[in-house]
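The values are calculated or read from the model by the stated rules, or taken from the named source; none is laboratory data. In this text, all values refer to a predicted model and were calculated from it rather than measured experimentally. Here Cβ is always computed from backbone atoms with ideal geometry, including for glycine, and neighbour counts include all displayed protein chains. These accessible areas exclude ligands, DNA and RNA; they are computed on the full protein's heavy atoms, side chains included. Shrake-Rupley method; radii C 1.70, N 1.55, O 1.52, S 1.80 Å.
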Amino acid sequence: MIKITLPDGTVLEKPSGITGMEIAQGISSGLAKQSIVVEVNGNLRDLSFPINKDSELKILKKDADIALEIIRHDCAHVMAEAVQELYPGTQVTIGPAIEHGFYYDFAFQKPFLAEDLDKIENKMLEIIDLGNSFKREVWDRNDAINYFNSKGETYKSEIINDLPNNEEITIYKQGEWLDLCRGPHLPTTKHIGKSFKLMKISGAYWRGDEKNEMLTRIYGTCWRTDKELKTYLN
């Protein structure tokens, strides 16, 4: 058994390997429904992350300060899946959350056009409606490099090659689609909601170096609610 200390000082004795979601469910079904991620000993983790030692635990909901950054990052993942489904042969490179939204850089034979954005948005809505879980996996470094190379994802294999040797290689899956990512992520794509909009397309050099290839960057904005989105757009 391990001891889980909650923010109010309550100490719970739980079996090793229990997840944040299981702890939330044990407290109340309402809390479990509202939970999006947990903070374990000061580190953000997925709700499905197994806890194997005595820990301090905070269960975070959508109103937490960090929540919007996670929602936006997940929205970037969904956009990348949508783009690759609509435009086979596209490589995904880097896609972080930023102030007010997110972006993702893509390598494709031809640049995307403004009229592509509505098409991508509609595909994103379909993916969100599927409600696929975000699932974390730890891969062997060489296996990951070989996998991405086999898929023609040379930018991803380059990123892995440049990571410190002692860094875990973590992969996140949503349905059949996957990406190299440290996480954490929301429980499912449905947790993102639909309060987002793709805003613009621009060029961006790979890793910000003008000596590198020019990529296509798609920017989006994403919020907790439609009201927040409407306020931002106005």
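Taking the Cβ-Cβ separation of Glu22 and Asp140 as r and a Förster radius of 35 Å, what is the calculated FRET efficiency to the nearest 0.05?
0.80
GNM on the chain, C-alpha springs below 10 Å: top fluctuator among Asn132, Asn52, Asn165?
Highest fluctuation of the listed residues: Asn165.
I need to check one value: relative contact order of the chain, counting alpha carbon pairs closer than 8 Å and at least 6 residues apart, in percent.
That works out to 20 percent.
Grab the beta carbon distance between Glu158 and Leu86, set R0 = 35 Å, and tell me the FRET efficiency rounded to 0.05.
With a Förster radius of 35 Å, E is 0.90.
Pulled fully out, how much extra length does the chain show between Lys110 and Thr231, if you take 0.36 nm times their separation in residues and subtract their Cα-Cα distance?
Stretched fully, the Lys110-Thr231 segment lengthens by 40.2 nm.
Find the centroid of the Cα atoms in the range 144-197 and in the range 17-79, then give the distance between the two in whole Å.
Using only Cα atoms, the two centres lie 19 Å from each other.
If packing is taken as the average count of other Cβ atoms within 10 Å, what order do 83-93, 1-11 fall into, highest mean first?
Per-residue mean Cβ counts within 10 Å order the peptides as 83-93, 1-11.
Could you tell me how many degrees, from 0 to 90 and to the nearest 10, lie between the Cα long axis of helix 141-150 and the main elongation axis, the longest principal axis, of the Cα atoms of the chain?
Result, in degrees: 40.
Helix 116-130 sits at what angle to the longest principal axis of the chain, using alpha carbons and giving 0 to 90 degrees rounded to 10?
On a 0 to 90 degree scale, this one is about 30.
Where does helix 67-86 land angle-wise versus the long Cα axis of the chain, in degrees 0 to 90, nearest 10?
So the inclination is approximately 40 degrees.
Return the carbon/sulfur percentage of the accessible area of the chain, one whole number, probe 1.4 Å, all protein chains in place.
Roughly 47 percent of what the probe reaches on the chain is carbon or sulfur.
Can you tell me the accessible area per residue over the chain, all protein chains present, probe 1.4 angstrom, in square angstrom?
52 Å²
GluC sites (Glu not before Pro), restricted to the range 1-82: which are DSSP loop and have at most 11 other Cβ atoms within 10 Å?
none
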